[in-house]
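These notes are about the structure you will find just below.
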Amino acid sequence: MPDFKINWNEIKRLISHRTKMIIINTPHNPTGSVITPDDMKELIKLTRGTDIIILSDEVYEHLIFDGIRHESICYYPELANRTLIVGSFGKTFHATGWKTGFVLAPSNLMAEFRKAHQFTVFASNTPVQYAIAEFLTDKDNYVHLNNFYQKKRDYFAERIKGSRFNFVPCHGTYFQLLDYSKISDEPETEFAIRLTKEFKLASIPVSAFYHQNDDNKVLRFCFAKKEETLDKAAEILNKI
Ligand SMILES: Cc1ncc(COP(=O)(O)O)c(C=O)c1O
């Protein structure tokens, strides 16, 4: 199973004078991998002396496990000066349907961002903004989110550790990747469809997220579920 680390040599090779923006995402969806301080050092080296803007998708900032620090751009002033950070109240307050988030950026980038925001979103609705403001007054509403989901990850992982699926526990987000290469050589999409139809277990093929349909025999399973649902899923996975 790939480790889903960033290949900085490949990125260096792809950057040219035409590169306007680099988008990063940590904790990462769909893989659950996280950016490390060494990655940040590489990003600093790569962008120093250029006009490249960074878009840092940090919507899962509070969903990071195993005591790992979320490497926010906020910790790196040299990067923060050229970055738009995106956050999601939906992810932070278990309210994904509310579709409200936030952007942090230096004033020159924010001025440009607001021009686009004005003509695409226009405005976020008032009641949701009041509700979020109230949630924000109490840190307990979000600082324990990592423990809550880490318990679910561990609960799920413990129950499937005897199965034929290979996995490394994910470090962030709601999803566990499972490698099924010991079970089948079907492409991810076909195996996922078969799991759904024959075993009534839904998953997402990771290849669906790629432009070129890389197929690593890895499926993504959501563990943001009740324990009884995780028990049922584990029972099925252990039989496959
Ligand atoms: C990596 C990533 N960024 C951004 C979003 C958008 O989040 P929201 O709809 O809460 O704004 C998602 C939602 O799944 C996501 O996975």
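Computed values, structure above
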| quantity | calculated |
| --- | --- |
| Spread of Cα-to-Cα distances over 10 Å intervals beginning at zero, given as percent, for the range 145-239 | 16, 51, 29, 4 |
| Order of Met1, Met21 under a 10 Å beta carbon neighbour criterion, fewest first | Met21, Met1 |
| For peptides 208-217, 171-180, sequence by mean Cβ density within 10 Å, most packed first | 171-180, 208-217 |
| Measure of compaction for the chain (Cα Rg per 2.2 N^0.38 Å) | 1.12 |
| Proximal aspartates and glutamates to Lys41, defined as alpha-carbon separation beneath 15 angstrom and excluding residues fewer than eight positions away on the same chain | Glu71, Glu78 |
| Value of relative contact order over the chain, rounded to a whole percent, pairs C-alpha under 8 Å and six or more apart | 19 percent |
| Three principal axis lengths of the range 8-140 [C-alpha, angstrom, descending] | 46, 40, 25 |
| Vicinal HN-Hα couplings computed from phi for the range 26-39 (Karplus, 6.51 cos²θ - 1.76 cosθ + 1.60; Hz; Gly/Pro x) | 8, x, 9, 10, x, 8, x, 7, 10, 6, 10, x, 5, 4 |
| Percent of beta bridges antiparallel (DSSP, the chain, rounded to nearest 5) | 60 percent |
| Sequence ranges 131-143, 79-91, ranked by mean other-Cβ count within 10 angstrom, highest first | 79-91, 131-143 |
| The range 145-239: relative contact order as a whole-number percent, Cα under 8 Å and 6+ apart | 34 percent |
| Cα-Cα over 30 Å, subset of Lys139/Lys232; Lys99/Lys139; Lys197/Lys225 | Lys139/Lys232 |
| C-alpha center-to-center spacing [the range 203-240, the range 45-110] in angstrom | 27 Å |
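Every number here is computed from the coordinates shown, using simple stated rules; none is lab data. What you are looking at is a predicted structure, and each value in this text was computed from that prediction instead of being measured. Methodologically, a virtual Cβ is constructed for each residue, glycine included, from the backbone with ideal geometry; neighbour enumeration extends over all protein chains shown.
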